[in-house]
Structures are given as C-alpha cells and as structure tokens.
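The values are calculated or read from the model by the stated rules, or taken from the named source; none is laboratory data. Nothing here was measured: the structure is a model prediction, and the numbers come from that model. Neighbour counts run over all protein chains shown; Cβ positions are idealised from the backbone, glycine included. Heads up: the accessible areas ignore ligands, DNA and RNA and are worked out on the full protein's heavy atoms, side chains in. Shrake-Rupley method; radii C 1.70, N 1.55, O 1.52, S 1.80 Å.
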Amino acid sequence: MKLGYYYHVPIKLNKNNKIALPSYLVGFINELANHVDTLYLIAHEASVFETQELDGEVSASNIKWVNLGSKTPAWHRVLFHHRILNKIIAELGEIDQLIVRAPSPLAPYFSKFISTERLSYLVVGDYGESANQFIVKSFRDFVITYFLKFQDWKLKQEVKKTLTIVNSRSLYDKYKNHSYILHETRTTTLNNTDFVEIKDGDIKKHEPVRIIYTGRIDLTKGLKELIEAVKELNQRGIKSELAIVGWELNPGDKIRKELDDFACKLGVSEKVNYPGKKGIGTELNACYRSASIYCIPSYNEGFPRTIWEAMANGLPVIATKVGGIPAILKDEENSILINPKSVSEITDAISKLYYDSKLYNKIRMNGQILASTNTIEIQTKKIIDLIKYRM
C-alpha cells in the first residue's frame, strides 16, 4: 500500500539527508512506514526560525517527502488552499490512501483533490472547544475565534463523507452524529523501551515533592493554578517544587514572563523552574523519572499524550475532568481526577498522595498497566487495520 500522511507541522532534510521533524512524531511516522510499501509525508518546509522544533529524525527508508512549500499563516492557507494543494496533485494520484491529521487549516480541503474513498481523518483536537475557551479582548481575538469556529464547522462537513478516527471519547461524542464511519483510537508516543520498573515507594522519602508538568506553556493548561498550589502545599508543610517542561507556542505572547511574575508575587519563584523543551524518549523520560507526581490541570483537552508518558515512567497522574480524560482514567484507581481552575483541588490531590502511600503506589501501578495498552505499535496497527478494511 502507498499511504499518504498530512500534518501542518513543517519538516526539513537535515545534513544527513534524513527527514527531521518534532520528536513526538518520529515514533508514529516510523511505525506507519513499517506497515506500508511507501509512506508519502505531506508537509510544509520548515523555515530557519522553525528548525529548532525539529529535534528528531525518521529512520525508515521508505518515506517520500511531498513538499508543500513554506508554511504561511493559517488564514492564507485557507484562502489559497487550491494554490497550495495544486502543487501535489500528481503525488496524490499515486497514493492508495491518505490520512489527514486534523484539526489543521488545510485539513477540510483535501477532498477537492482526492476521492473520499481514499481519504481518512485522524482528529486529535477540537477547534470548536478552543474557540469556546478563547478570551476575546480585541478585534483580532474576535477574528481568531470566528476562524476557529468556521474551520470546526468545515471539518464537520468533511467527516460526513469519509472514515474518521478520533483519539478521545469527547471527540467521538462530538462527531458520532456527523461522521460517515467513526472509530476511536489513541495517539501516543510510547514504545516498550519507555517503561520503567515500578517498586513500592513512599513519596515522603523524597522531599521536596517534585511536581512536573510537560507540554505547551499556556495559561489554559492551568499553570497559574499549579504555581499557586505549590505555595499552598509549602504553607501546609509539604515541601514542594514545580518543573514546567515545555515551550511557548508563540514566544511573543510572553506567557513565561507572566508566570514568572505571578510566581514572584506569590513568593515561590525559587520553587518553580523551566527546564525547557525536551526531546521525546531518553531526554524527556529523564525529566519524568526525576519527579514525584505528574499534574496536568488543563481547562480543556482531548486526551494528552503526556499522561501516557508520565504513567509509563511510574508517576501518579493528577488530571482535570475535561475532554476525553474522565472517559479513560478512573479516580483513585489509575489517577486522581479534579475539576479545572481549582487550586484547592490540586493541593488536596497532592496532599492525598503525600500522606497515603498505599494510594500513591496503587495509582502508579495501575497507571502503568493502562499505559502499556497504548503503545505506538498497538495503536498504529489499529489505524492501519481500519484503513485497509475499507480498501
């Protein structure tokens, strides 16, 4: 089978003539390639300013890069989608099946260039929910919200025509009355080498309690609440510190500075650190393994891959009851689930794990067992089987 895969993350050829791309995509792309004769990777070419995001490279030799050219602003890609996609009509003609990862500005427009019988959507996020959570403070913000809602509506029209694979129960519920063929799977970065052996432990033996968050540095991830919880924990006598491992999507937004100022105001600056963005695998696993607890207090989510990563590395997970999270995780079985925007619930959850070693170990063990069912090998095969079934 000749399989195409599109996503809006730009890539490039490195000096070894290998395709370089973000490390969180490497394992999935390599595994896709293992199941097909040729994998056509449809992607934009990274600019000089975007190359710092390309911290991984694919090893599979049967991958062909279909270059969409430089990545322009989202509105430009929508308005001029014909001009962009016209460049690759010949390559689309060679492809037996095409997976379009969505949401993405170009995602709803591929059906103009390839038959719906050869097209599938892999939906891993929700533009509609992002629009609902967006705080409108200016005309520019209003335009962005409208754009997200329009793209969300447009994708709903497209999934009526073809196979759609979603990575969370909340997305399944959203599209179940819209999609022609709908299936739920998981997106993950895990392979067998990411799992660490878990032994019974006592969190109190490793003070200060090291809380870790990994992912995009964004206020909707509940990072202010997490910083405030660190203050509350220390006031309760639980020595705690926080590592925010990740990156700002747009450094111009100065979210890191806002968080720094907030921590300074609360008097906990020395207890909050930013190790930066870490590559998937050995580098990121080392961060997880140096921590005591993983916490992701987001306001909205699909189902973040970072939860699986933390579980594989033996950390108990605290997460908010949003998106697809409560459909998969069970409170006080394989995680602790809390409500978003609640400093007290974050603080209480960490305190509970601190004082209850039995619960701490139970959640770690059960979490890792659950994560073991969500490796790249298992989930990629599910996607390939679904696509082959309709050929």
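Which numbered condition in (1) more than 20 Å from the chain's Cα centre (by Cα); (2) over 21 Å from residue 376 (Cα atoms); (3) without any contact (Cβ under 8 Å) to a residue 40 or more places away in the chain is the only one that residue 51 fails?
(1) is the only condition that residue 51 fails.
Looking at (1) open to solvent by 60 Å² or more (accessible area, probe 1.4 Å); (2) farther than 28 Å from residue 266 by Cα, find the lone condition where residue 352 falls short.
Looking at each condition in turn, residue 352 falls short on (2).
If you check 213, 180, which single one turns out to be among the aromatic types (Phe, Trp, Tyr), closer than 23 Å to residue 125 by Cα and touching a Phe, Trp or Tyr at 6+ places or on another chain (Cβ under 9 Å)?
Just a single option satisfies the conditions, and that option is 213.
So how many residues does segment 45-62 have that are touching an Asp or Glu at 6+ places or on another chain (Cβ under 9 Å) and either surrounded by 19 or more Cβ atoms within 10 Å (Cβ to Cβ) or assigned to a helix (DSSP H, G or I) (or both)?
1
Kindly establish whether residue 194 is touching an Asp or Glu at 6+ places or on another chain (Cβ under 9 Å), crowded, with 22+ Cβ neighbours inside 10 Å and under 29 Å from residue 253 (Cβ atoms).
no
Residue 150 is checked against (1) assigned to a helix (DSSP H, G or I); (2) surrounded by fewer than 19 Cβ atoms within 10 Å (Cβ to Cβ); (3) touching a residue at least 40 places away in the same chain (Cβ under 8 Å) and fails just one. What number does that condition carry?
(3)
Out of all the residues in segment 326-349, which are open to solvent by less than 30 Å² (accessible area, probe 1.4 Å), in contact (Cβ under 8 Å) with a residue 60 or more places away in the chain and within 18 Å of residue 303 (Cα to Cα)?
328, the sole residue that qualifies.
Out of segment 1-39, which residues are open to solvent by less than 10 Å² (accessible area, probe 1.4 Å) and either hydroxyl-bearing (Ser, Thr, Tyr) or in a strand (DSSP E or B) (or both)?
Once the filter is applied, which keeps residues that are open to solvent by less than 10 Å² (accessible area, probe 1.4 Å) and either hydroxyl-bearing (Ser, Thr, Tyr) or in a strand (DSSP E or B) (or both), segment 1-39 yields 3, 4, 5, 6, 11, 20, 21, 39.
It is to be established whether one or more residues within segment 87-110 are more than 22 Å from the chain's Cα centre (by Cα), assigned to a helix (DSSP H, G or I) and closer than 19 Å to residue 125 by Cβ.
yes
What number of residues within segment 366-376 satisfy the criterion of being surrounded by 15 or more Cβ atoms within 10 Å (Cβ to Cβ) and either modelled with pLDDT of 95 or more or part of a helix (DSSP H, G or I) (or both)?
Total meeting the criteria: 6.
Just name the residue that is surrounded by the most Cβ atoms within 10 Å (Cβ to Cβ) out of those in segment 75-119 that are closer than 19 Å to residue 9 by Cα and β-branched (Val, Ile, Thr).
Per the stated criteria, the residue is 100.
Please verify whether residue 187 is assigned to a strand (DSSP E or B), of a type outside the set (Phe, Trp, Tyr), surrounded by 20 or more Cβ atoms within 10 Å (Cβ to Cβ) and within 19 Å of the chain's Cα centre (by Cα), treating the condition exactly as stated.
In short, no.
Can you tell me how many residues within segment 269-314 are open to solvent by 10 Å² or more (accessible area, probe 1.4 Å), more than 16 Å from the chain's Cα centre (by Cα) and of a type in the set (Gly, Ala, Ser)?
Final tally of qualifying residues: 5.
Output the residues belonging to segment 213-267 that are at positive phi, exposed (fewer than 15 other Cβ atoms within 10 Å of the Cβ) and touching a helix residue (DSSP H, G or I) at 6+ places or on another chain (Cβ under 8 Å).
The one that is at positive phi, exposed (fewer than 15 other Cβ atoms within 10 Å of the Cβ) and touching a helix residue (DSSP H, G or I) at 6+ places or on another chain (Cβ under 8 Å): 267.
Residue under question is residue 131, and the condition is that it be in contact (Cβ under 8 Å) with a residue 40 or more places away in the chain, of a type outside the set (D, E, K, R) and either under 22 Å from residue 386 (Cα atoms) or open to solvent by less than 10 Å² (accessible area, probe 1.4 Å) (or both); does it hold?
no
Can you tell me which of 198, 244 is touching a Gly at 6+ places or on another chain (Cβ under 6 Å) and not in a helix (DSSP H, G or I)?
Of 198, 244, the one residue that is touching a Gly at 6+ places or on another chain (Cβ under 6 Å) and not in a helix (DSSP H, G or I) is 198.
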